Amino acid sequence: MTSLIRFGISLEKGLLYKFDEQLKKRGYTNRSEAVRDLIRESLVKKEWQENKEVSGAITLVYNHHKRELVNQLMDIQHDYHNNILSTQHLHLDEDNCLEIIAIKGRAKQIKELYGKLSSPKGIKHTGFAEATTGNKLL
Ligand code: NI
């Protein structure tokens with residue numbers, strides 16, 4: 001079990017007002033939980049900067065009639081099979097596909113994979129969500 005420590009923070013009134021406004025909009029009921037989340041967020045950012053083991057998700061939207069592109073994306077995913085936890089393929093309509101690729105591995109490798117998946121000609125949109133394995137967070 002982890003022990004809780006209380007500490008005080010001094011900051012400008014205006015800044016605190018803006019912070020509280022943001023908390024209200026996001027649905028926080030107290031400042032402590034919001035500060036905890038900010039700390040966790042910065043720790044996860046650091047994991048990515050320091051090339052730690054991380055997780056995340058890549059999204060791709062493309063036209064599946066472009067067979068060359070489909071093959072290219074498949075080849076890249078096979079090259080990085082060690083980093084891919086799962087790929088979900090959704091047929092959005094007659095032409096467009098959405099792929100959601102769950103990833104895990106060293107940050108640099110994940111970014112490299114994202115770069116390769118987003119560069120082929122014909123990709124309509126790519127998205128990237130940086131997450132964590134959760135191992136180093138409380
Ligand atoms: Ni499809």
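The values are calculated or read from the model by the stated rules, or taken from the named source; none is laboratory data. This is a predicted model, so every value here is computed, not measured. A quick note on method: Cβ atoms are made from the backbone with ideal geometry, for glycine too, and the neighbour counts reach across all protein chains shown.
Selection of the stretch 7-55 for residues being on the phi < 0 side of the Ramachandran plot and touching a residue at least 40 places away in the same chain (Cβ under 8 Å) yields R40, L43, V44, K45, E47, W48, Q49, E50, K52, E53, V54, S55.
Across the stretch 84-138, the qualifying residues are those that are of a type in the set (D, E) and farther than 17 Å from Q72 by Cβ, and the one among them that is surrounded by the most Cβ atoms within 10 Å (Cβ to Cβ) is E130. In the stretch 87-99, is there at least one residue being at negative phi and away from the ligand (no atom under 16 Å from the Cβ)? Within the stretch 87-99, none of the residues are at negative phi and away from the ligand (no atom under 16 Å from the Cβ). Among the residues of the stretch 124-138, those identified as away from the ligand (no atom under 14 Å from the Cβ) and closer than 16 Å to V70 by Cα are H125, T126. Which pairs do you get when a residue that is modelled with pLDDT of 95 or more, found in the stretch 116-138, comes within reach of a residue that is of a type in the set (A, V, I, L, M) and not in a strand (DSSP E or B), reach meaning Cβ atoms under 7 angstrom, with the pair 6+ apart or on two chains? Here the result reads K116/I76; L117/L73; L117/I76; T126/L117; E130/V44; T132/V44, each pair linking the stretch 116-138 to a residue that is of a type in the set (A, V, I, L, M) and not in a strand (DSSP E or B).
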